[in-house]
Amino acid sequence: MLVSAKEMLNKAKAGKYAVGQFNINNLEWTKAVLLTAQENNSPVILGVSEGAAKYMCGYKTIVGMVNGIMEELKITVPVALHLDHGSYEGALKAMEAGFSSIMFDGSHYPIDENIAKTTEMVKLTSEKGLSLEAEVGSIGGEEDGVVGAGEIADANECKAIADLGVTMLAAGIGNIHGKYPANWKGLSFEALEAISNLTGDMPLVLHGGTGIPEDMIQRAISLGVSKINVNTECQLAFAEGTRKYIEAGKDLEGKGFDPRKLLAPGFEAIKATVKEKMELFGSVNKA
Ligand code: 13P
């Protein structure tokens, strides 16, 4: 059964570790993340962006797939199915379809509007017992080949959003989605510390987990980060595993073209990446 992310994140915050959010793209991805969580006795959050939801034929398809896999593979660790960077409309659709956790990303609105819309979301999600992630200070990233620097969130704005009763808060601290450029300045621990001091027990979320050096991840966790989002790194691992298989000509040997064989190396690569992250984040045996 899917659960809200509230309990697992409050436990992570208190225990000074982080739960990984791994974004999913298809059945193989979902199966790889869920099996790895079970094998490592770790809580896990499955992230689904609106684009990925469209690709996988909508929220209902995803809820059905995730519930089916969990039942069939006897997944008993806590699993939250979370809308990643949801719009207001997307959040309503995901809630209706049975997602157990919602991110409403109002970071691109002026702060007053972000507060107003997040307030409504707090009401809607708490009525259904779902967890809610809000965001202050947008996360940078690559768009049309241009890498935008991540914003640094204002600590007082973070406090204002945290006080609305959200479950977890994503704050921009110089983090970026996708690969980090060579001239990246690193995470702003000064900003993180200021946000952490003002928001107290609120679990903080670090987006753009791909490519952040291990020491920075550990320091971020020590300063109150309890959820870390990873997407691109699994995509890179999947692509590399698949490329090696094809470059070695294995799809041309026997029945090597069978998708169950062709996609196996990429599947194993996702599993290895997720395991590595769970160990780094400290969520192994915390289910
Ligand atoms: P990466 O793709 O950089 O790992 O970021 C994932 C993320 O933050 C999803 O919200």
As an exercise, use a Förster radius of 35 Å and the Cβ-Cβ distance of residue 72 and residue 247 to find the FRET efficiency, rounded to the nearest 0.05. 0.60
For the pairs 16/275; 244/271; 74/261; 11/128; 93/179, note any where the Cα-Cα span goes beyond 25 Å. 93/179
Out of the trypsin sites (Lys or Arg not before Pro) in the stretch 74-169, which ones are loop residues according to DSSP with at most 14 other C-beta atoms within 10 Å? 74
Selected from 158, 75, 48, residue furthest toward positive end of dipole (the chain; charges at beta carbon): 75
Dividing the Cα convex hull volume of the stretch 133-287 by residue count, how many Å³ per residue is that? 144 Å³
Quick note on 29, 184, ordering by fewest other C-beta atoms within 10 Å, gives 184, 29
Spatial separation of Cα centroids for the stretch 26-84 and the stretch 153-221, in angstrom: 25 Å
With +1 on the Cβ of every Lys and Arg and -1 on the Cβ of every Asp and Glu, the dipole magnitude of the chain about its Cα centre, in debye rounded to the nearest 20, is 920 debye
Counted neighbours (other Cβ, 10 Å), sorted fewest up, put 154, 105, 163, 201 in the order 201, 163, 154, 105
I'd like the projected area of the stretch 1-91, averaged over all directions, using the convex hull of its alpha carbons. Report it in nm² with one decimal. 5.8 nm²
Principal axis lengths of the stretch 53-154 from Cα atoms, whole Å, largest first? 44, 36, 25
For the chain, taking Cα atoms only, what is the radius of gyration to one decimal and the Dmax to the nearest whole Å? 18.4, 62
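Each value in this text was obtained by applying a stated rule to the coordinates, not by laboratory testing. No experiment lies behind these values; they were computed from the predicted model shown. FYI the Cβ positions are ideal-geometry reconstructions off the backbone, even for glycines, and counts take in every protein chain you see.
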